[in-house]
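Down below is the structure, laid out as structure tokens.
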Amino acid sequence: MAKSTLVFTSDTESNIKELFPSKVKHITIIPFHEVLFSVDYFYPLIQQYDEIILSQHILNRDHFLQGNASHFSEMFIYFIYYLSSIQNKQFFIWKEDEKSIVPYSNNGIIRVDSNKRKPRYLRSEKTITSIQKYNLPRTSYNHLAKTYMEAYFSWLPTFFRGIIVKESFPYYSFHFRPIKYPLLVFKFNKTIHHSSITELKIIGGILKKKGKSSVRNNGRFLFVVSPNKRELYTAIIHFCPALPWSIYRMSQSLLHRFVMYCFKRYIEKEIQSPS
């Protein structure tokens, strides 16, 4: 019986079927502009197939990408690899430049050159992705992704004296002392249990645009550890800000970038491995 294959690719790569002339009928191609970066989207989708193929050059569908596009691609590949391995699916990388598809090994280190192709926007409201990559010290190689999430929530009030972090698992929220309502509210995603992935859903707060639209409720805060345990990726993805777009770009966006840069320095220098 032929294996079913799921391919995540870009708009310009639909000719991938030519690489599988014997089983074209068993291939499903999903362009990057149609996917939502979340466990809830990918996990049940991957479950339906035997093989997963992911293009090495990944397009982000949000309107604004803060950070390095290569780092986003690397994190995406690790993310899909983990979700595939949990379900014992075969996982392959399509190397576009070489026009070849190769199995991915968990010992492999992904390095992706930034691509300049722009995503195809399908959303009527503007959303953002902010991506960071950290080189972890040797003392941190055994940490779980959740450890870094907890470190972030513990560190933030020490960095911003006016910020209070409230936790009532699976909920977390940021508060600013003079303001009654939370700035952001997160919910820990318990769909899967994997040591290298922690996903928080952004479910509320005055900085998040309100409404029942799916676009406004797809925001995620991710912590992903590379398979070699030497790198950490953090990302806000599909976030729909409440502030007007131009004001957001000149205020909240820049503040978030600065905060994550300082957290990066903290992680790379201060965090210690558990005893």
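Take the Cα of Ile206, step 7 Å toward its Cβ, do the same at Tyr181, and the gap between the two points is 0.7 nm. Using θ = phi - 60° in the Karplus curve 6.51 cos²θ - 1.76 cosθ + 1.60, the 3J(HN,Hα) couplings for the range 204-211 round to x, x, 6, 8, 9, 5, 8, x Hz; x is entered for Gly and Pro.
This ranking places His193, His57, His71, His63 by how few other beta-carbon atoms lie within 10 Å of each, fewest first, which gives His193, His63, His71, His57. Using the Karplus relation 6.51 cos²θ - 1.76 cosθ + 1.60 with θ = phi - 60°, the per-residue 3J(HN,Hα) values for the range 164-179 come to 10, 9, 10, 10, 9, 3, x, 9, 9, 8, 9, 10, 10, 3, x, 9 Hz, with x marking Gly and Pro.
Across the range 148-153, coupling constants 3J(HN,Hα) worked out from phi with the 6.51/-1.76/1.60 Karplus curve, θ = phi - 60°, read 6, 4, 5, 5, 5, 5 Hz, and Gly and Pro carry x. Going from the fewest other Cβ atoms within 10 Å to the most, the residues Thr5, Thr234, Thr158 appear in the order Thr158, Thr5, Thr234. Between Leu136 and Glu231, Leu232, the built amide H atoms are under 5 Å apart, and every one of these is 5 or more places off in sequence or on another chain.
Close amide-amide hydrogen proximity is noted between Tyr171 and Phe188, each under 5 Å apart and 5 or more residues distant or on a separate chain (H modeled in the peptide plane; Pro and chain starts excluded). Modelled label positions at Val102 and Met250, each set 7 Å beyond Cα in the direction of Cβ, lie 4.7 nm from each other. Among Ile163, Ile236, sorting on how many other beta-carbon atoms sit within 10 Å of each Cβ, with the fewest leading, yields Ile163, Ile236.
Under 5 Å from the amide H of Gly204 lie the amide H atoms of Val185, each residue being 5 or more positions distant or on a separate chain, with H modelled from the backbone and absent for Pro and chain starts.
Values quoted throughout were computed directly from the atomic coordinates according to the rules given, and no laboratory measurement underlies them. Note that this is a predicted model, so its numbers are computed, not measured. FYI the Cβ positions are ideal-geometry reconstructions off the backbone, even for glycines, and counts take in every protein chain you see.
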